[in-house]
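Below: the structure, in structure tokens.
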Amino acid sequence: MGSIQAGYKHIGDATFVLAIEFAGYMDDDVPRINSSLTKYITFGFAGNGIVMSVTNAGAVYQCDARAQSNRTIDDSNSRVPHNFQTHGITVEDHLSKNLKGSLQFALNRALKEQITDKTLDATDTVEINFPPNPN
């Protein structure tokens, strides 16, 4: 395991980076990754870290991980002893509504900026759709 080879005593002591890249096809049907939209999240494995089991379907990995920024508040003395609840917009609103702050809005704004700064002559429009709720 890389973390052990790097000198960490346990996988839970190491920090890992998850890169989320957004890719799409331009008008020339060539796939491209828009590096300006790439997000990096630092995380570490917690608890049992990684548990692997082998079945007839192949290897199955179960991982217990948390954002690295949460490690500083992991001490039980720093936890809030009350149940706080928040109410807000839905996952659909966060992702697909054309509201400022949604993923769809951010992606379309980035594409428009590429037209404005003459990086591209034309772009597509991103539309994230959710199926209707059957309930």
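Residues of region 25-41 that are among the polar types (S, T, N, Q) and either surrounded by 11 or more Cβ atoms within 10 Å (Cβ to Cβ) or out of contact with any helix residue (DSSP H, G or I) (no Cβ under 8 Å at 6 or more places or on another chain) (or both): Asn34, Ser35, Thr38. Where strands (runs of 3 or more DSSP E) fall entirely within region 1-69, those with at least 2 residues that are over 22 Å from the mean Cα position of the chain (by Cα) and outside the structural domain of Val126 (by TED's automatic domain parsing) are at 39-55, 58-67.
If the condition is being within 15 Å of Tyr25 (Cα to Cα) and in contact (Cβ under 8 Å) with a residue 24 or more places away in the chain, then region 98-109 contributes only Leu107.
Among the candidates Leu99, Leu111, the residue that is modelled with pLDDT of 80 or more and either within 20 Å of the chain's Cα centre (by Cα) or among the hydrophobic types (A, V, I, L, M, F, W, C) (or both) is uniquely Leu111. Among the residues of region 4-13, is there at least one that is closer than 23 Å to Ile128 by Cα and basic (Lys, Arg)? Looking through region 4-13, none of the residues is closer than 23 Å to Ile128 by Cα and basic (Lys, Arg). Listed by first and then second residue, the pairs with beta-carbon distance under 7 Å, at least 6 apart or on different chains, first residue in region 28-50 and on the phi > 0 side of the Ramachandran plot and at pLDDT 85 or above, second surrounded by fewer than 11 Cβ atoms within 10 Å (Cβ to Cβ) and not charged (D, E, K, R), form an empty list. Inspect all residues belonging to region 73-92 and state whether any of them is surrounded by 10 or more Cβ atoms within 10 Å (Cβ to Cβ), among the hydroxyl-bearing types (Ser, Thr, Tyr), at pLDDT 80 or above and farther than 30 Å from Ile4 by Cα. Checked region 73-92: no residue is surrounded by 10 or more Cβ atoms within 10 Å (Cβ to Cβ), among the hydroxyl-bearing types (Ser, Thr, Tyr), at pLDDT 80 or above and farther than 30 Å from Ile4 by Cα.
The values are calculated or read from the model by the stated rules, or taken from the named source; none is laboratory data. Worth saying up front: this structure is predicted, and the values here are computed from it rather than measured. Quick reminder, even Gly has a Cβ in these numbers, built from the backbone with ideal geometry, and neighbours come from all protein chains shown.
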